[in-house]
Ligand SMILES: [Zn+2]
């Protein structure tokens, strides 16, 4: 147990203690995603918290644990302002993103492909007025190391990383499909960090997607991409 673990245990004991729980153990764990796990025996709690928070200030840890409790309780989960500010600060992102990046597999770790650069697509979207500079600030773009056919793109809203399938790094895939996929992932950046949100394609997201000219048709054509895999 490190000093940080002891600090976590003492804060967790306070937060969980108010609800009648006893914290037997609380440790920071190197989960790839920002996560926490808990096991409960009677009123005895064992807690594992993502080590992305190991150097967070006490108040931030406290707000995280309170938020996690609301999540466990199953209602609307609410996370405090200090926690949200901390998690979305450039300082946190710059410090912890390299750790997340290292734990992520199958990335090219570059936005420069053999035929296309991700940043060119971003630039085109900015020039067309579809993206704002604020959407993409402090963001890392990378290709996957190999083409993936079912998951065409991915966005970590917490660490501001956009990953695009290398299937689009090919002259045989029309550029408009490539740009559209980049736009989709950048709309997740616009949503920002939402703790424990499992429904990223909400009404607001769909409204933003509807702003893309000819989006429905492009969406339709993207459905053919998984079929390329079988050829
Ligand atoms: Zn999406």
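Values in this text are rule-based calculations from the coordinates and carry no lab data. Quick caveat: nothing in here was measured; it's all calculated off a predicted structure. Cβ placement follows ideal geometry from the backbone for every residue including glycine, while neighbour counts extend to all protein chains displayed.
Annotations for the structure displayed:
- C-alpha center-to-center spacing [region 91-116, region 34-52] in angstrom: 28
- The chain: relative contact order as a whole-number percent, Cα under 8 Å and 6+ apart: 13
- Rg and Dmax of the chain, both derived from C-alpha coordinates alone, stand at 20.3, 61 Å.
- Between helix 3-17 and the chain: long-axis angle, C-alpha atoms, 0 to 90°, nearest 10: 80
- Within the chain, DSSP assigns beta bridges of which about 50% are antiparallel (rounded to the nearest 5).
- Under the Debye formula (equal points on every Cα, no solvent term), log10 I(q)/I(0) of region 102-228 at q = 0.10, 0.19, 0.21, 0.22 Å⁻¹: -0.28, -1.13, -1.40, -1.54
- Springs join every pair of Cα atoms under 10 Å in this Gaussian network model of the chain, and among 172, 30, 89 the largest mean-square fluctuation is at 172.
- Cβ crowding within 10 Å averaged over residues, with 222-229, 61-68 ranked highest first: 61-68, 222-229
- Derived from the Cα gyration tensor, the three semi-axes of the equivalent ellipsoid of region 116-176 are 20, 16, 8 Å, largest first.
- Candidates 54, 35, 43: whichever shows maximal mean-square fluctuation once the chain is modelled as a Gaussian network with Cα springs under 10 Å: 43
- Cα-based shape type of region 1-91, given that a ≥ b ≥ c are square roots of the gyration tensor eigenvalues and the cut on a/c is 1.5: oblate
- To the nearest ten degrees, helix 90-103 and the longest principal axis of the Cα atoms of the chain are 80 degrees apart.
- Nearest 10 degrees, 0 to 90: helix 58-72 Cα axis against the chain principal axis: 80
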